[in-house]
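Just so it is clear, none of the values below were taken in a lab; they were calculated from the coordinates. From a predicted model like this one, the values you see are computed outputs, not experimental measurements. When we count neighbours, we look across all protein chains shown, and the Cβ atoms used for this are built from the backbone with ideal geometry, even at glycine.
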């Protein structure tokens, strides 16, 4: 394997960082001992820029190429999300009813039916409220996983190597 470029990122299937490489886990490194690497990374991934700088941290993250308004080192997204009412798409719930006269005294397991006496049971009424408990919100308000299908490997960055030529 040829010498890597300094700051080159590779995936490894084993559980250790090879010599000259470090895990992409946000580790802070001292600038005075890693000047060339600092010239390439700067503080895009953290650090104070005077004494230290951070390696990228891909734990629980999906790497993404810069662009579309995202700069190098930006982080976005969350692993779990709780939807709020405005985030739920508009939708309807059909209510089934019959035009036949009802013949059951209990509502459980049955559908709405016409009343024996015509009193506009299905008519339109202004400012009409339904009996409490007739309809309501559902859900527990708990967060759900927001992660795409994945399989984990170790991402490492070359902390020793050839300084990459650039124009």
Which value at 222 nm does the chain reach when only helices count, each DSSP H run of 4 or more adding -39,500 (n - 2.57), with the total divided by all residues and rounded to the nearest 500 deg cm²/dmol? -1000 deg cm²/dmol
Spin-label zone in region 25-47 - amide nitrogen under 11 Å from a point set 7 Å from the Cα of residue 65 along the C-beta vector: none
Taking 13-19, 53-59, 24-30 and ranking on average Cβ neighbours within 10 Å, highest first, one gets 53-59, 24-30, 13-19
Give the label of the value calculated from the structure for Cα extents along the principal axes in Å, choosing from (1) 47, 32, 32; (2) 94, 40, 37; (3) 90, 34, 28. (3)
Using 7 Å Cα-to-Cβ label points, what is the residue 160/residue 9 separation (nm, one decimal)? 2.3 nm
Backbone N within region 62-104 under 12 Å of label point (7 Å from residue 145 Cα along the Cβ vector): 80
Distance between modelled label sites at residue 152 and residue 84, nm, 7 Å Cα→Cβ extension: 3.2 nm
